[in-house]
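First comes the structure, then the notes that go with it.
The values are calculated or read from the model by the stated rules, or taken from the named source; none is laboratory data. For clarity, every value in this text was computed on a predicted model and none was experimentally measured. Note that each Cβ is placed from the backbone with ideal geometry, even for glycine, and that neighbours are counted across all protein chains shown. Heavy atoms of the whole protein, side chains included, go into the accessibility calculation; ligands, DNA and RNA do not. Shrake-Rupley method; radii C 1.70, N 1.55, O 1.52, S 1.80 Å.
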Amino acid sequence: QVQLVESGGGLVQPGGSLRLSCAASGSIFRFYVMGWYRQAPGKQRELVAGISSGGGTNYAESVKGRFTISGDNAKKTVYLQMNSLKPEDTAVYYCNLEQTGRGYWGQGTQVTVSS
């Protein structure tokens, strides 16, 4: 059983920064893909950033240059550094892991960007 726990969300002013963390526990295999998704009220869940166990990354166009995804294999933790935050970044952010054809989700952490 794999469990993902997100943390680091909160309230921040426009232009501010937050760092989200996703800690994985259980059986994490050598090859996997992890990602951060977000969902705002009334909108579909969208991929924000992804990272593979090999280190490859990809980002949504809306966050390129502002967000950075990274991982610590030893700690089995993935991070999302969020800079220059905008009100439109407000959403619940979810961590996702895919391995061996199976997917796992965390419970989400709220990010609110408001003055």
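Things worth noting here:
- Against the criterion of solvent-accessible heavy-atom surface with a 1.4 angstrom probe, 19, 66 sort, most first, into 19, 66.
- Computed from the C-beta positions of residue 74 and residue 17, the FRET efficiency with R₀ = 30 Å rounds to 0.75.
- Treating r as the C-beta distance of residue 81 and residue 3 and R0 as 30 Å, the FRET efficiency rounds to 0.85.
- Equivalent ellipsoid semi-axes - Cα gyration tensor, the chain, angstrom: 24, 14, 13
- A 1.4 Å probe run over the chain, with the rest of the protein chains in place, finds 55 Å² accessible per residue.
- Computed over the chain, relative contact order equals 37 percent, with contacts defined as Cα pairs under 8 Å that lie 6+ residues apart.
- Of all DSSP beta bridges in the chain, antiparallel share, percent nearest 5: 95
- Stretching residue 112 away from residue 64 to a fully extended chain increases their span by 15.4 nm, per 0.36 nm per residue minus the current alpha-carbon distance.
- Heavy-atom accessible area ranking, 1.4 Å probe, most first, across 28, 69: 28, 69
- Exposure check, 1.4 Å probe, all protein chains in place: residue 86 carries approximately 80 Å² of accessible surface.
- Relative packing of 38-49, 87-98, which averages over residues the other C-beta atoms within 10 Å, highest first: 87-98, 38-49
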